[in-house]
Amino acid sequence: MKFMNLRWILLIIIMYSVISCDSSRSPEVIIIENPAREFSGEPWLFTDAHGKIILSWIEREDTLNFFKLAVWHNNAWSEPQVIASGSDWFVNWADYPMAISNDQGKFISHFLEKSGEDVFAYDVKVATSPDGKTWSTPFLLHDDAKQAEHGFVSWIPYDENFFVSWLDGRNTVTADGANHADHGHRGMMSLRSAVLNSDGKKLEEWELDTRTCDCCQTTSAITSNGPIVIYRDRSDKEIRDISIVRWVDGKWTTPKPVYQDGWEINGCPVNGPRCEAIGNQVAVAWFTLARNEGEVNVVFSADGGETFGDPIRVDRTETIGRVDLVMLEENRALVSWMEGSEIKIIEVNSRGEIGQPVTVAASSSARASGFPQLTKANDGVMAAWTDAETKQIKTALVKW
């Protein structure tokens, strides 16, 4: 009898662990109207320390681009605020602008502005705000004065300051600013990071990697040990896997693979990773085509990114990547990606258990649909994407 009772207890525990990452909770997708108008795109989402959600995007009117922001609070979007505007911007489906705020309610943002005639000559321009309504005159993030590619920025609050990382092309042009050759065949793109205060003053800056993939998004997080930056690296043999650098004991670690996919590709796949951290618990999602089949994988770390568990594949078929990730708890995350024209989202935990995928919306696999975005909401996540048909940003609450 005691043996039978033990068997039942073990069975209940197993069933509970499976249900904990199961689709039986039936996530609900609720389309939310937002302030973005027609001819809008390049959305970005961020949740501040008080649970307010920031949506930033670009709208085009005639020849002008407007960088705008709205805040989701008390189940409603605020009136949009204009951060900056201009006619000489570099607007790109994969290299989108961002706006975030720190614990003190101070804001920082960036957009991309052309610096020369070359297609990929553009700068990262930064603007700050004390309240998200009044914004400073934009200024340069970098100080190399090169007409080169600068972009694929990631921002995250860092105490009362802001931590930023970006891809920097200062080494891809000659001393006089001329390009070596066509994009993808110049000198090496590098990875840089810095800490800025809430007024935009640069407090520190570092070069983290001297050879990276040219045009995949970077991602960063703050662990209990300090900042980490995760990005697509580039070896001498054109292996372009996901790497990590960590701030440990007052210095940056040597770049190290998150996982060795062994993806050899002679051009940039324009498909960067995403990560989040809670304490020293880290989750990373990325896309690879290393085995001639698109895969979206997730790994977890319990030691601030020093080591990672085995990859957990979450996609089902025909994925084109464009991933995002939100940690719900220390060992549980929601991951989004695209399969053809559909935006999918799924729950995964560090034990390797995954739920059933939920379709958030149908958009398009074309570049015009951009990169769908996720951020944490009170009872799930907020999603944003560009509807390629209507050329307008859509948002939805996904209640989990």
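In the range 139-157, the residues that are farther than 19 Å from Tyr96 by Cβ form Cβ pairs under 6 Å with partners that are among the aliphatic types (A, V, I, L, M) and part of a strand (DSSP E or B), at six or more places apart or across chains, as follows: Phe139/Val126; Lys146/Val173; Ala148/Val173.
Being of a type outside the set (Lys, Arg), under 25 Å from Arg274 (Cβ atoms) and touching a Lys or Arg at 6+ places or on another chain (Cβ under 7 Å) is true for just one of Trp93, Trp155. Which residue is that?
Trp93
Condition first: touching a residue at least 40 places away in the same chain (Cβ under 8 Å), under 22 Å from Gln147 (Cβ atoms) and either among the charged types (D, E, K, R) or in contact with a His (Cβ under 6 Å, 6 or more places away or on another chain) (or both). Now tell me which residues in the range 98-131 satisfy that. Passing the criteria: Asp118, Phe120, Val124, Lys125, Val126. Return the pair list, or none, for Cβ contacts closer than 7 Å from residues in the range 251-264 that are farther than 13 Å from Ile239 by Cα to residues that are surrounded by 14 or more Cβ atoms within 10 Å (Cβ to Cβ) and charged (D, E, K, R), at least 6 apart or on different chains. Final answer for the pair search is Thr253/Arg246; Pro255/Asp209; Pro255/Asp233.
The requirement of being in contact with a Ser or Thr (Cβ under 8 Å, 6 or more places away or on another chain), modelled with pLDDT of 95 or more, surrounded by fewer than 23 Cβ atoms within 10 Å (Cβ to Cβ) and more than 21 Å from Phe371 (Cα to Cα) is satisfied by Lys256. With the requirement that a residue be among the charged types (D, E, K, R) and surrounded by fewer than 21 Cβ atoms within 10 Å (Cβ to Cβ), what does the range 317-331 give you? Once the filter is applied, which keeps residues that are among the charged types (D, E, K, R) and surrounded by fewer than 21 Cβ atoms within 10 Å (Cβ to Cβ), the range 317-331 yields Glu318, Glu329, Glu330. The set of residues in the range 344-372 being among the hydrophobic types (A, V, I, L, M, F, W, C) and either surrounded by fewer than 21 Cβ atoms within 10 Å (Cβ to Cβ) or under 14 Å from Asp315 (Cβ atoms) (or both) consists of Ile345, Ile346, Val348, Ile354, Val358, Ala361, Ala362, Ala366, Ala368.
Please verify whether the range 75-94 includes one or more residues that are touching a strand residue (DSSP E or B) at 6+ places or on another chain (Cβ under 7 Å), surrounded by 21 or more Cβ atoms within 10 Å (Cβ to Cβ) and of a type in the set (Ser, Thr, Tyr). The answer is no; no qualifying residue exists.
Residues that are aliphatic (A, V, I, L, M), modelled with pLDDT of 95 or more, buried (at least 20 other Cβ atoms within 10 Å of the Cβ) and in a strand (DSSP E or B) do not occur anywhere in the range 172-185. Scanning the range 51-74 for residues that are of a type outside the set (A, V, I, L, M, F, W, C) and under 17 Å from Pro97 (Cβ atoms), we see that the one that is surrounded by the most Cβ atoms within 10 Å (Cβ to Cβ) is Ser56. Name the single residue that is nearest to Glu38 (Cα to Cα) among those in the range 361-400 being within 18 Å of the chain's Cα centre (by Cα) and among the β-branched types (Val, Ile, Thr). Once the filter is applied, the top-ranked residue is Ile393. Screening Ala333 on (1) within 30 Å of Val91 (Cα to Cα); (2) in a strand (DSSP E or B) shows it passes everything except condition (1).
When you look at Ala285, is it over 28 Å from Asn331 (Cα atoms) and either in contact with a helix residue (DSSP H, G or I) (Cβ under 7 Å, 6 or more places away or on another chain) or of a type in the set (A, V, I, L, M) (or both), yes or no? Show your work before the answer.
Values: over 28 Å from Asn331 (Cα atoms): no; either in contact with a helix residue (DSSP H, G or I) (Cβ under 7 Å, 6 or more places away or on another chain) or of a type in the set (A, V, I, L, M) (or both): yes.
No; evaluated as a whole, the condition is false for this residue.
Taking the range 265-308 on its own, how many of its residues are on the phi < 0 side of the Ramachandran plot, part of a loop (DSSP other than H, G, I, E, B) and of a type outside the set (A, V, I, L, M)?
The qualifying residues number 15.
Within the range 95-136, the set of residues being acidic (Asp, Glu) and buried (at least 21 other Cβ atoms within 10 Å of the Cβ) comprises Asp95, Asp123.
If Ser224 meets every condition in (1) surrounded by 22 or more Cβ atoms within 10 Å (Cβ to Cβ); (2) of a type in the set (Ser, Thr, Tyr); (3) in contact (Cβ under 8 Å) with a residue 40 or more places away in the chain apart from one, which number is that one? Condition (1) is where Ser224 drops out.
The set of residues in the range 227-247 being more than 24 Å from Ala94 (Cβ to Cβ) and buried (at least 16 other Cβ atoms within 10 Å of the Cβ) consists of Arg246, Trp247.
Just the residues that are of a type in the set (A, V, I, L, M) and surrounded by 17 or more Cβ atoms within 10 Å (Cβ to Cβ), please, taken from the range 291-316.
Taking the range 291-316 as the starting set, the residues that turn out to be of a type in the set (A, V, I, L, M) are 296, 298-299, 302, 312, 314.
Correct list: Val296, Val298, Val299, Ile312, Val314.
The values are calculated or read from the model by the stated rules, or taken from the named source; none is laboratory data. All values derive from a computational prediction rather than experimental measurement. FYI the Cβ positions are ideal-geometry reconstructions off the backbone, even for glycines, and counts take in every protein chain you see.
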